[in-house]
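To start, the structure under review is shown below, and the notes come after it.
The values are calculated or read from the model by the stated rules, or taken from the named source; none is laboratory data. Keep in mind that what you see is a predicted model, and the values were worked out from it rather than measured. When we count neighbours, we look across all protein chains shown, and the Cβ atoms used for this are built from the backbone with ideal geometry, even at glycine.
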Amino acid sequence: MSAVFSNSTLNTLIRSDTFKDTFDNVVKFQPQLSKLEQIWASWYTYMNNDILATGLMFFLLHEIVYFARCLPWFIIDQMPYFRRWKIQPTKIPSTKEQLYCLKSVVLSHFLVEAIPIWTFHPMCEKLGITVRVPFPSIKKMGLEIALFFVLEDMWHYWAHRLFHYGVFYKYIHKQHHRYAAPFGLSAEYAHPLETMSLGFGTVGMPILYVMYTGELHLFTLCLWVVLRLFQAVDSHSGYDFPWSLNKFLPFWAGAEHHDLHHHYFIGNYASSFRWWDYCLDTEAGPEAKAEREERMKLKAMNKSKKNV
Ligand SMILES: [Zn+2]
Ligand SMILES: [Zn+2]
């Protein structure tokens with residue numbers, strides 16, 4: 001029986017043979033819930049198996065959101081009108097290249113990511129991640145997601161920087177750098193070990209959070225995964241528009257930041273924000289390099305002046 005309702009009698013009363021009837025019962029007996037909460041509750045009650053309900057939901061959420069978000073970028077790549085905003089305008093990925101990437105990403109989704117997704121719910125239960133309705137307040141969910149963005153970015157910066165050292169790069173991260181001019185679909189084109197270790201930032205940070213606080217809602221986790229997928233695909237899109245988020249939030253990394261990383265292979269290791277690369281002087285690109293060299297020159301000059 002599902003844990004979506006705290007009351008087991010309610011569960012038995014609502015559950016029906018079809019999803020539609022279950023949903024109608026939820027609307028009838030729980031009118032105070034929002035539409036989204038009613039759909040969520042119907043899904044869990046109808047499935048009557050929380051492990052399967054969570055596993056299937058996360059798998060479908062990942063597939064649908066990832067590929068639906070990649071599709072507009074694929075279409076934009078076919079339209080010359082958008083070239084004016086392409087960061088590396090001469091490097092348009094061919095359809096053949098994109099199809100190769102698509103095949104590889106689909107295979108990795110089924111082989112590498114399917115297993116952890118199916119074991120996710122039992123772990124959620126142990127940790128205290130709840131599926132119960134109603135959902136937490138928008139403010140609570142917003143603050144938690146903002147925190148996950150900051151923590152994931154920190155993890156991503158250090159793990160990604162490590163992946164650029166010797167053997168880690170040669171045997172693992174090189175695969176992701178196949179494309180010097182990235183495109184949406186290439187966001188998850190990576191070695192399985194990279195998917196797992198960088199993926200820890202997305203899944204592991206909320207786990208550490210719930211281990212510390214003792215409460216987190218699975219719906220918050222769903223929203224977080226959706227937004228993180230948007231961030232990952234968009235940062236690989238290869239386009240920087242006048243309306244891109246980094247134009248309004250200067251600390252947001254966006255495609256411009258990550259495109260430079262793929263272009264020059266060095267620097268810009270963070271995922272969502274610019275502060276780690278800025279503070280630790282690892283910004284990528286010729287401008288950042290020139291500034292860095294200028295600073296080093298000044299430092300050396302000051303040092304020699306002091307010694308005179
Ligand atoms: Zn890299
Ligand atoms: Zn990348």
**Qualifying residues in the stretch 248-269 (those that are out of contact with any helix residue (DSSP H, G or I) (no Cβ under 7 Å at 6 or more places or on another chain) and among the aliphatic types (A, V, I, L, M)) - the one nearest to ligand 2 (Cβ to nearest atom)** = LEU260
**Prompt:** Does the stretch 151-167 contain at least one residue that is over 30 Å from THR95 (Cα atoms), over 19 Å from the mean Cα position of the chain (by Cα) and either away from ligand 1 (no atom under 16 Å from the Cβ) or in contact (Cβ under 8 Å) with a residue 12 or more places away in the chain (or both)?
**Reply:** no
**Message:** Any residue that is surrounded by 13 or more Cβ atoms within 10 Å (Cβ to Cβ), more than 20 Å from TYR179 (Cβ to Cβ), over 14 Å from the mean Cα position of the chain (by Cα) and modelled with pLDDT of 95 or more - is there at least one of those in the stretch 255-273?
**Reply:** no
**Request:** Please report, ordered by residue number, the helices (runs of 4 or more DSSP H) entirely within the stretch 103-206 with at least 2 residues that are closer than 18 Å to SER271 by Cβ and either within 14 Å of ligand 2 (Cβ to nearest atom) or of a type in the set (Asp, Glu) (or both).
**Result:** 138-162
**Item:** Residue in the stretch 10-19 that is farthest from ALA41 (Cα to Cα), counting only those that are in a helix (DSSP H, G or I) and in contact with a helix residue (DSSP H, G or I) (Cβ under 9 Å, 6 or more places away or on another chain)
**Value:** LEU13
**Item:** Which numbered condition ALA187 misses (of (1) modelled with pLDDT under 95; (2) surrounded by fewer than 19 Cβ atoms within 10 Å (Cβ to Cβ); (3) on the phi < 0 side of the Ramachandran plot)
**Value:** (2)
**Filtered residues of the stretch 62-105 (kept if of a type in the set (A, V, I, L, M) and surrounded by 15 or more Cβ atoms within 10 Å (Cβ to Cβ))** = VAL65, ILE76, ILE87, ILE92, LEU102, VAL105
**Prompt:** Right, LYS139: charged (D, E, K, R) and under 23 Å from GLU188 (Cβ atoms) or not?
**Reply:** no
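Residues are listed down the side, and each one gets a yes or a no for (1) at pLDDT below 95; (2) within 30 Å of ARG15 (Cβ to Cβ):
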site	(1), (2)
GLU37	no, yes
SER42	no, yes
GLY55	yes, yes
ASP77	yes, no
**Item:** Single unsatisfied condition, ASP234 versus (1) assigned to a helix (DSSP H, G or I); (2) at pLDDT below 95; (3) under 25 Å from TRP85 (Cβ atoms)
**Value:** (2)
**Prompt:** Within the stretch 212-229, can one find any residue that is under 22 Å from the mean Cα position of the chain (by Cα), within 25 Å of ALA187 (Cα to Cα) and within 16 Å of ligand 2 (Cβ to nearest atom)?
**Reply:** yes
**Request:** Go through the stretch 281-308 and give me each residue that's at negative phi, exposed (fewer than 13 other Cβ atoms within 10 Å of the Cβ) and part of a loop (DSSP other than H, G, I, E, B).
**Result:** VAL308
